[in-house]
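Notes for the one structure printed next.
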Amino acid sequence: MNPSERLDEQLDAAIALLRRAEHAVAVTGAGISAESGIPTFRESGGFWEKYPPEQYATYSAFLKNPKKIWSMWRERSAMLRDSEPNAGHYALAQLEEAGRLEAVITQNVDNLHQDAGSKRVVEFHGNARWMRCKGCGHAEPITEEALERIPPKCSCGAIMKPDVVMFEEWISDDALAEASSLANRCDAMLVIGTSAQVYPAASLPRTAKHNGASIIEVNIEPTGFTDTLTDVHLQGAAGEVLPRIAARLTGENGT
Ligand code: APR
């Protein structure tokens, strides 16, 4: 069987599971935004090769040298500002619209699920379109003007921080509570474009599986979940696989 025939066969299996599901949720990682031109983190040539996370993505690194961390975020936020959702993002929004997907829990901070029309999005690692004052909590959008001088300062005088969860920081209570509730309640979970190496996000599919949910993985490569947790691995690009799922499920509803 060639890869395309195998994918067709796995798609049939995934559709059967999703058709039966009453509480399907999606967990997404950087891979779903790769086709929007945003580099993933851990693949070869990934973002962390240029900006090692221990130097650029920990809270202690930010406190030590906010200017250095903001110079990376100035580059990244410009990239994110110019990015557009791709067919994978739109397919998830279509599934939600058709009542086939309850929510997207995303590790991404690029806002592309919302831009594609997804209504219920749990931002597990925050949103890089915003910055927040560590002093008074004031938040405002990150604009090119706001980053002319870095680090940007709040009117209260304190330094602003990108509104994302850095390593050494906690996931927000609200995001953790909502994501955990969704993972506990779902009967099918689409795990899309994540290397499943970062916790607590990577514990969500384990929770779902433990509660009897079917795990459907969409990834161009196998991951640590594929042979242990995953029921169906759709080996392909999210921007190609997800629209095929959406067409089969929503088309069936006559919507
Ligand atoms: N379609 C589907 N999967 C893809 C695609 C694609 N077009 N392109 C890449 N992938 C897969 C890769 O095979 C890999 O498994 O996406 C995954 C990306 O993995 P990472 O770069 O590790 O990204 P992610 O899993 O989202 O990282 C999690 O780590 O550094 C932190 O905060 C950061 O949210 C991030 C978290």
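The values are calculated or read from the model by the stated rules, or taken from the named source; none is laboratory data. Predicted model only: the values in this text are computed from it and were never measured. Don't worry about glycine lacking a Cβ; one is built from the backbone with ideal geometry, like all the others, and counts go over all protein chains shown. Side chains are part of the model used for accessible areas, which takes the heavy atoms of the whole protein and leaves out ligands, DNA and RNA. Shrake-Rupley method; radii C 1.70, N 1.55, O 1.52, S 1.80 Å.
Worth pointing out:
- Positive minus negative residues near residue 61 (Lys, Arg vs Asp, Glu; Cβ under 14 Å): +1
- At R0 = 30 Å, FRET efficiency that the Cβ-Cβ distance of residue 167 and residue 146 yields, to 0.05: 0.80
- Heavy-atom SASA rank of 172, 44, 118 (probe 1.4 Å, accessible area, largest first): 44, 172, 118
- The stretch 78-169: trypsin sites (Lys or Arg not before Pro) in DSSP coil with no more than 13 other Cβ atoms inside 10 Å: 119, 149
- Mean-square fluctuations from a GNM of the chain, with a 10 angstrom spring cutoff on Cα atoms, peak among 166, 72, 131 at 72.
- Around residue 146: net Lys/Arg minus Asp/Glu count, Cβ-Cβ under 14 Å: +2
- Most mobile of 36, 203, 214 in a GNM of the chain (Cα contacts under 10 Å): 203
- Secondary-structure-derived ellipticity at 222 nm for the chain, considering helices only, amounts to -11500 deg cm²/dmol, per-run term -39500 (n - 2.57) for DSSP H runs with n ≥ 4.
- For the stretch 110-239, size of Cβ-based charge dipole, Lys and Arg +1, Asp and Glu -1, in debye: 260
- Calculated FRET efficiency, residue 134 to residue 50, Cβ-Cβ distance, R0 = 25 Å: about 0.45 to the nearest 0.05.
- Of interest is the spacing of the C-alpha centroids, which for the stretch 33-68 and the stretch 133-189 amounts to 16 Å.
- Taking every protein chain into account, the accessible area of the stretch 8-112 amounts to 43 square angstrom per residue (probe 1.4 Å).
- Choice from 218, 198, 232 with maximal GNM fluctuation in the chain (Cα, 10 Å cutoff): 198
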